[in-house]
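First up is the structure itself, then whatever we jot down about it.
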């Protein structure tokens, strides 16, 4: 996994809504190839950041991993609807792997401004895969309205935190004290298709309406 920082030349402000993505454009043998990547940063002048895995047999990710400082890339306009729909409502974010990217963008933008009640449940295989862990732990300490819940599926003996898949910690993340509270929560899910589909089913079993479940799949 790698974190990339870019500047957009010729503009003072690179406009996007936190949670949106850009398409990186590459050309191979005369063909235009595009891949979508969620923006991993809040709005910051003409700058934006990406976070992604290198796919060994992929086309665009090896190209990005081969970039050097000062190299240029071509991107499309930011698009996408995986954004915070109701900033005044309580939200639960559920991410695995690089699915953390759009949530980082949302958190760094919204927490300093409106301080919405947000819980982030973030699952990875190994401890070193907890991207932005220090930053997320600082946000947990800084904002009473934010709670960070990491979990590891392949922990080492030194890991003292939660273990298992995100599914095992859904009830803790939702934090529903009474059945009536269910209608006050929106759940956002981002990661690989299997995880997203499984969590959606678990939420529907608990009585969540489909309009309360916002998701984006990375495969």
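With the requirement that a residue be closer than 14 Å to residue 173 by Cβ and buried (at least 20 other Cβ atoms within 10 Å of the Cβ), what does the stretch 196-211 give you? Break it down into steps so the answer makes sense when it comes.
Residues of the stretch 196-211 closer than 14 Å to residue 173 by Cβ: 199, 202-203, 206, 208.
The answer is 199, 203.
Take the residues in the stretch 169-197 that are in a helix (DSSP H, G or I) and in contact with a strand residue (DSSP E or B) (Cβ under 7 Å, 6 or more places away or on another chain), then tell me which one is nearest to residue 37 (Cα to Cα).
Residues of the stretch 169-197 in a helix (DSSP H, G or I): 169-174, 179-184, 193-197.
Add one more test, that the residue is in contact with a strand residue (DSSP E or B) (Cβ under 7 Å, 6 or more places away or on another chain), and what stays is 169, 172-174, 184, 193, 195-196.
Numbers: 169: 27, 172: 30, 173: 26, 174: 27, 184: 30, 193: 16, 195: 18, 196: 17 Å.
Top of the filtered list is 193.
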Next item on the list: Confirm whether residue 123 is assigned to a helix (DSSP H, G or I) and crowded, with 20+ Cβ neighbours inside 10 Å.
Entry: no
Notebook entry, point to check: Only one residue in 10, 19, 45 is on the phi > 0 side of the Ramachandran plot and in contact (Cβ under 8 Å) with a residue 60 or more places away in the chain. Which one?
Noted result: 19
Checklist line | Members of the stretch 130-161 that are out of contact with any strand residue (DSSP E or B) (no Cβ under 8 Å at 6 or more places or on another chain), more than 21 Å from residue 175 (Cβ to Cβ) and not in a loop (DSSP other than H, G, I, E, B) | finding: 134, 135, 138
Next item on the list: State all residues of the stretch 1-41 that are more than 17 Å from residue 77 (Cβ to Cβ) and buried (at least 20 other Cβ atoms within 10 Å of the Cβ); if no residue qualifies, say none.
Entry: 40
Item checked: Yes/no for residue 47 being modelled with pLDDT of 95 or more, surrounded by fewer than 17 Cβ atoms within 10 Å (Cβ to Cβ) and either in contact with a helix residue (DSSP H, G or I) (Cβ under 6 Å, 6 or more places away or on another chain) or not assigned by TED's automatic domain parsing to the domain that holds residue 197 (or both) -> yes
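Quick one: is residue 84 under 21 Å from the mean Cα position of the chain (by Cα), not assigned by TED's automatic domain parsing to the domain that holds residue 188 and not in a loop (DSSP other than H, G, I, E, B)? Step through it out loud before you land on a result.
Numbers: under 21 Å from the mean Cα position of the chain (by Cα): yes; not assigned by TED's automatic domain parsing to the domain that holds residue 188: yes; not in a loop (DSSP other than H, G, I, E, B): no.
The answer is no for residue 84.
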Note to self: It is to be established whether one or more residues within the stretch 98-119 are under 23 Å from residue 182 (Cα atoms), under 17 Å from the mean Cα position of the chain (by Cα), assigned to a strand (DSSP E or B) and touching a residue at least 40 places away in the same chain (Cβ under 8 Å).
What the structure shows: yes
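The values are calculated or read from the model by the stated rules, or taken from the named source; none is laboratory data. Please read these numbers as outputs of a predicted model, since none were measured by experiment. As a convention, Cβ positions derive from the backbone with ideal geometry for all residues, glycine included, and neighbour counts pool all protein chains shown.
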